[in-house]
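Accompanying notes for the structure given below.
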Amino acid sequence: MTRSQQILSGVHLRRGEALWVLAAHSYAVLVPLIVCFAVVDNWTFVSSTTDNPFLFFAAACLLAAGGAFEVAQNTIDNWYLTEETASAKGAGLCDFLFYWFVTAGQALIAVAIAGDNPWVVAIAAVGVLAVPPLYFTSGAYFAALGVVTLLTMVVAADAFGDPVVFLQFLMVGATLYFFEALMRTGAQVLHGFTAIAASSGVWFLVWAISNGASGLSSSWGSLVVASVVVVAVGLALWPRLMRLPSSKQVTMLATS
């Protein structure tokens, strides 16, 4: 068996599904790096409104590393998700490292923005330190990530003057939406949508930085309208998603 065949034999998806899911995870690993470009492009504004802008670069690396650990866990799980797999509702070392690194990345963004506030540093630190004991005792480790992410949104909205960062809640909701549909149907194409939704929240941080540097700000009304539209579309699509057929578990090698 060639090296390529060895790699493909570990992907238990049909070729089309595999290419889509792998592309989505490549995006998830790389998309945090847009924060670096946004900070560099708006350096004067960012350096004047945040405590330590250099920490954004470290935060982006942590988020990207978290995405890489998720790729590793999916590889261990052969890219076919069920409730028992660590990439879904089970547990695994790389899955733990994914949550820990992503939580640390979000915490570092909060500290980069408002590290001069001891309360921000304290909440960020507690959130990061809480992940290991919560994960290994089947606690609500995702709650630690949620608290730190909310902290990041609050300090970013205050520093950059644009509440658009709160649209990250839509990405959280979309992640849960596609993940639940995946678990109910077994349609592995939804894995790709889950990965994209889970990793796309950084776009709203970049949007806030860009708007702040340009002296612009999104209105709360527009955010409410956008949220209502997204929720309505999600509700309308749900019955269609529930009719998606379960994917057969085959090796990509067999369908190449």
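Readers should treat all values here as calculations from the given coordinates under stated rules, not as data from a laboratory. Please read these numbers as outputs of a predicted model, since none were measured by experiment. Glycine also receives a Cβ, built like all others from the backbone with ideal geometry; neighbour counts cover every protein chain displayed.
If you take all other residues with their beta carbon under 14 Å from the beta carbon of A213, and give Lys and Arg +1 and Asp and Glu -1, the sum is -2. Relative to the longest principal axis of the Cα atoms of the chain, the long axis of helix 220-242 makes an angle of roughly 10 degrees.
Taking amide H as placed 1.01 Å from N in the peptide plane, Q188 has its amide H under 5 Å from the amide H of S247, each at least 5 places away in sequence or on another chain. Across the stretch 93-101, computed HN-Hα scalar couplings (Karplus, 6.51 cos²θ - 1.76 cosθ + 1.60, θ = phi - 60°) run 4, 5, 5, 4, 5, 4, 4, 5, 5 Hz from first to last residue, x flagging Gly and Pro. For the chain, the Cβ-based charge dipole about the Cα centre amounts to some 860 debye (Lys, Arg positive; Asp, Glu negative; other atoms uncharged). Divide by every residue of the chain the summed helix terms, -39500 (n - 2.57) for each DSSP H run of at least 4, and state the resulting mean residue ellipticity at 222 nm, rounded to the nearest 500 deg cm²/dmol. Rounded to the nearest 500, the figure is -24000 deg cm²/dmol. All other residues whose Cβ lies under 12 angstrom from that of A86 are scored, Lys and Arg at +1 and Asp and Glu at -1, for a net of -4. For the chain, the longest piece that avoids every one of the trypsin sites (Lys or Arg not before Pro) found in DSSP loops with at most 14 other C-beta atoms within 10 Å covers 90-242. What the phi angles of the stretch 47-59 give under the Karplus curve with 6.51, -1.76 and 1.60, with θ = phi - 60°, is a coupling list of 5, 8, 10, 10, 7, 8, x, 5, 5, 4, 5, 5, 5 Hz, glycine and proline written as x.
Loop-only check: which chymotrypsin sites (Phe, Trp or Tyr not before Pro) in the stretch 1-76 are DSSP coil with at most 13 other Cβ within 10 angstrom? Present the calculation step by step, with values, prior to reporting the outcome.
Details: sites: W20, Y27, F37, W43, F45, F54, F56, F57, F69; in loops: F54.
In loop regions of the stretch 1-76 (DSSP not H, G, I, E or B), the sparsely surrounded chymotrypsin sites (Phe, Trp or Tyr not before Pro) are F54.
Normalised by the number of residues in the chain, the mean separation of alpha-carbon contacts (under 8 Å, six or more apart) gives a relative contact order of 27 percent. Between helix 168-185 and the chain, what is the angle of the helix's C-alpha long axis to the longest principal axis, kept within 0 to 90° and rounded to the nearest 10? Once rounded, one gets 10 degrees.
Quick one: order E70, E83 by neighbouring beta-carbon count within 10 Å, fewest to most. Don't skip to the answer; put the middle values down first.
Values: E70 24, E83 11.
Ordered from fewest to most neighbouring Cβ atoms within 10 Å, E70, E83 come out as E83, E70.
The long axis of helix 141-160 is offset from the longest Cα principal axis of the chain by roughly 40 degrees. Converting phi to 3J(HN,Hα) with the Karplus coefficients 6.51, -1.76 and 1.60 and the offset θ = phi - 60°, the stretch 15-26 yields 4, x, 5, 4, 4, 5, 5, 5, 5, 5, 6, 5 Hz in sequence order, with x at every glycine or proline.
Quick check on the stretch 1-145: take the gyration tensor over C-alpha atoms, sort the square-rooted eigenvalues as a ≥ b ≥ c, and tell me if it's rounded (a/c under 1.5), prolate or oblate. Walk me through the intermediate numbers first.
Values: a/c = 3.51, a/b = 1.57, b/c = 2.23.
Verdict is oblate for the stretch 1-145.
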